[in-house]
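To start, the structure under review is shown below, and the notes come after it.
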Amino acid sequence: MRSRYTAFAIGDAGHLVRSWHPSTAPEHVDLDPEEQWDRLEIVATTGGGPFDSEGTVTFRAHHHRGGRAGVLAEHSRFVREDGRWLYLDGS
């Protein structure tokens, strides 16, 4: 989760696509260069340990654009395949 947040913050759309599960990944991701990501707040997690194959992260990502603050809140699901954690989906 943290690497995906960092990818949003630095504008690394390639990392976002590579860390997305192939069954739900878009072909490409368009990031808004005007969107500034300020802080990631992890609210809750389940699974995701060294012996788990799935996990969830509930988070709030704080951002601003043009002087207006916003928060993206999501409950994300991840799966581990071949030793890599991949974003599956979120609500």
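Bear in mind these aren't lab numbers, they're just calculated from the coordinates by the rules spelled out. Owing to the predicted nature of the structure, the values given are computational and were not obtained by experimental measurement.
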Note on segment 1-40: alpha-carbon gyration tensor, axes a ≥ b ≥ c; rule is a/c under 1.5 for rounded, else prolate if a/b larger than b/c, else oblate; result oblate
Which of 22, 33, 50 fluctuates most in a GNM of the chain (C-alpha springs under 10 Å)? That residue is 50
Please compute the length gained on full extension between residue 71 and residue 39, using 0.36 nm multiplied by the number of residues separating them and subtracting their Cα-Cα distance.
10.6 nm
Of the residues 77, 68, 60, which exhibits the maximal mean-square fluctuation in a Gaussian network model of the chain defined by a 10 Å Cα contact cut-off?
68
Between the alpha-carbon centers of segment 1-65 and segment 71-91, tell me the distance in whole angstrom.
8
Gyration tensor (alpha-carbon) shape descriptor, segment 46-91, a/c threshold 1.5
prolate
What helix-only [θ] at 222 nm does the chain give? Using -39500 (n - 2.57) per DSSP H run of at least 4, over all residues, to the nearest 500, the answer is -4500 deg cm²/dmol
Let me make sure I get this right: for segment 2-90, a, b and c are the square roots of the gyration tensor eigenvalues over alpha carbons, sorted descending. Under 1.5 in a/c it's rounded, otherwise prolate if a/b > b/c, else oblate. Which is it?
oblate
